[in-house]
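Enquirer: Following this message is one structure expressed as structure tokens.
The values are calculated or read from the model by the stated rules, or taken from the named source; none is laboratory data. Quick caveat, the model's predicted, so the values are computed rather than measured. Cβ sites come from the backbone with ideal geometry, for glycine too, and all protein chains shown count toward neighbours. Quick note on the areas: whole protein, heavy atoms, side chains included, nothing else; ligands and nucleic acids left out. Shrake-Rupley method; radii C 1.70, N 1.55, O 1.52, S 1.80 Å.
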Amino acid sequence: MDATCHSGAVTGALGLDEETTAAVVRLATRAPSLHNSQPWRFRLLPDRIELRADPQRLLPVADPTGRELRIGCGAALFTLRLALIGSGIRPLVSRYPQPGEPDLVAVVRHGGIVRATPEQRNLLDAVPRRRTNRRPFRDTAVPDPARSALRLAAFEEGAWLQLVTDPMQLAELGKLAREAHLLQQADAAFAAELAAWTGRSPARDDGVPASAGGPCPPPNQPWVVRDFGGDAHPRPAPAAFESDPLIAVLSVHTDGPREELRAGEALQRVLLTATVAGLSASFLSQLVEVPDIREQARRLFGGTRPPQVVLRLGHGVPVPATPRRAPEKVVDAL
């Protein structure tokens with residue numbers, strides 16, 4: 001895949017030298033994406049950095065419209081913004097797409113000199129520590145200050161994070177999650193796509209390695225965790241998951257490329273805020289990947305905004321990082 005994208009050497013951009021630019025790109029790639037597909041590319045020019053979606057890394061069964069691809073690119077954009085701030089540059093962002101360049105996600109230019117705030121520094125330090133944690137969490141409630149910080153993080157990126165606390169809504173959402181999981185499991189094309197991207201060798205630099213998977217949840221567990229072990233790496237035996245996870249629904253105004261990009265930026269800010277607070281997170285993606293289930297979830301929460309991401313949050317044990325492609329593999333040659 002990378003060869004057909006004409007990967008190139010990392011050059012300086014926005015007044016940064018090659019080494020610093022490479023460090024900025026490397027940090028930007030520490031963003032979450034569907035099955036760790038890393039669907040982004042960077043074009044480095046003296047006066048700008050272009051972020052582009054990589055259509056070769058679209059997962060057509062789970063994500064036929066590219067919505068999750070764009071959310072992943074948005075998460076990379078937020079991390080790129082943060083990395084530039086850490087390098088003393090105020091990022092001036094133009095969000096796209098525009099006619100004729102559907103894969104152009106955003107252009108980032110030099111907006112002046114800036115010093116990172118303590119909050120931005122904390123988020124920046126959290127980037128390499130953030131993990132998707134598919135293992136059981138402790139049965140310890142997320143404290144109110146952390147909940148407020150998570151909601152504020154989404155709001156400051158133009159999104160909403162609804163923490164689901166109503167028992168009836170939680171029960172219904174859990175039923176929808178299991179129904180969506182069973183529908184996807186019964187889809188041979190979905191299973192093949194999942195197998196192609198998961199249970200990978202540690203030598204691979206994309207996808208989800210077996211080490212990043214978690215144990216099977218016990219029977220009738222509503223918050224299903226996908227099997228990322230692959231046939232060659234069976235999952236550990238069922239384990240008791242937390243009885244009362246914090247479930248959060250991230251939404252923006254509507255669907256569409258720019259809104260989905262915003263959702264990704266908000267997602268990464270929420271995840272990094274959770275990391276700073278000592279929290280772990282995993283995704284309940286089946287709820288937003290099965291169209292009928294996603295529509296039912298939208299109606300469950302009032303019907304005004306479609307859910308973009310559903311998260312499970314709590315106190316988890318440390319887990320290993322998933323791999324990332326080197327900067328020279330995600331940079332387009334000029």
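Enquirer: Show the residue pairs meeting these rules: Cβ distance below 6 Å; 6+ apart or different chains; first residue within the stretch 279-307 and β-branched (Val, Ile, Thr); second residue outside any helix (DSSP H, G or I).
Expert: What qualifies is Val288/Pro307.
Enquirer: Follow-up. Tell me which residues, restricted to the stretch 290-314, are more than 14 Å from the chain's Cα centre (by Cα) and either open to solvent by 30 Å² or more (accessible area, probe 1.4 Å) or among the charged types (D, E, K, R) (or both).
Expert: Hits for the stretch 290-314 are Pro291, Asp292, Arg294, Glu295, Gln296, Arg298, Arg299, Leu300, Phe301, Gly302, Thr304, Arg305.
Enquirer: Pull up the stretch 120-145, narrow it to residues that are open to solvent by 90 Å² or more (accessible area, probe 1.4 Å) and of a type in the set (D, E, K, R), then point me to the one that is nearest to Gly316 (Cα to Cα).
Expert: Arg138
Enquirer: Where residues in the stretch 42-65 are in contact with a Leu (Cβ under 8 Å, 6 or more places away or on another chain) and without any contact (Cβ under 8 Å) to a residue 40 or more places away in the chain, which of them is farthest from Tyr96 (Cα to Cα)?
Expert: Top of the filtered list is Pro46.
Enquirer: What number goes with the only condition from (1) β-branched (Val, Ile, Thr); (2) modelled with pLDDT of 90 or more; (3) assigned to a loop (DSSP other than H, G, I, E, B) that Val310 does not pass?
Expert: The single condition Val310 does not satisfy is (3).
Enquirer: With respect to Leu84, is the statement that it is of a type outside the set (Phe, Trp, Tyr) and in contact with a Pro (Cβ under 6 Å, 6 or more places away or on another chain) true?
Expert: Values: of a type outside the set (Phe, Trp, Tyr): yes; in contact with a Pro (Cβ under 6 Å, 6 or more places away or on another chain): yes.
Yes; evaluated as a whole, the condition is true for this residue.
Enquirer: Considering only the stretch 144-166, how many residues are touching a residue at least 60 places away in the same chain (Cβ under 8 Å) and over 19 Å from Arg269 (Cβ atoms)?
Expert: Residues in the stretch 144-166 being touching a residue at least 60 places away in the same chain (Cβ under 8 Å) and over 19 Å from Arg269 (Cβ atoms): 1 in total.
Enquirer: Shifting gears a bit: Does the stretch 7-66 hold any residues that are among the hydroxyl-bearing types (Ser, Thr, Tyr), more than 23 Å from Gln184 (Cβ to Cβ) and in contact with a helix residue (DSSP H, G or I) (Cβ under 9 Å, 6 or more places away or on another chain), and which are they?
Expert: Scanning the stretch 7-66 gives Ser7, Thr11, Thr21, Thr29.
Enquirer: Can you list residue pairs whose Cβ atoms sit under 6 Å apart, with the first residue in the stretch 104-132 being of a type in the set (Lys, Arg) and the second being modelled with pLDDT under 95? Count only pairs 6 or more apart in sequence or on different chains.
Expert: Arg131/Val319
Enquirer: Got a number for residues in the stretch 42-56 being under 24 Å from Ala195 (Cβ atoms) and open to solvent by less than 10 Å² (accessible area, probe 1.4 Å)?
Expert: Here the count works out to 1.
Enquirer: Taking the residues in the stretch 98-111 that are in a loop (DSSP other than H, G, I, E, B) and over 20 Å from the mean Cα position of the chain (by Cα) as candidates, determine which candidate is modelled with the highest pLDDT.
Expert: Among those that are in a loop (DSSP other than H, G, I, E, B) and over 20 Å from the mean Cα position of the chain (by Cα), it is Pro102.
Enquirer: Could you tell me which numbered condition Pro39 fails, if it satisfies all but one of (1) open to solvent by less than 60 Å² (accessible area, probe 1.4 Å); (2) in contact (Cβ under 8 Å) with a residue 40 or more places away in the chain; (3) of a type outside the set (S, T, N, Q)?
Expert: (2)
Enquirer: Next question. Quick check: is even one residue across the stretch 10-17 open to solvent by 10 Å² or more (accessible area, probe 1.4 Å), outside any strand (DSSP E or B), within 15 Å of Pro327 (Cα to Cα) and of a type in the set (D, E, K, R)?
Expert: So far as the stretch 10-17 goes, yes, one or more of its residues are open to solvent by 10 Å² or more (accessible area, probe 1.4 Å), outside any strand (DSSP E or B), within 15 Å of Pro327 (Cα to Cα) and of a type in the set (D, E, K, R).
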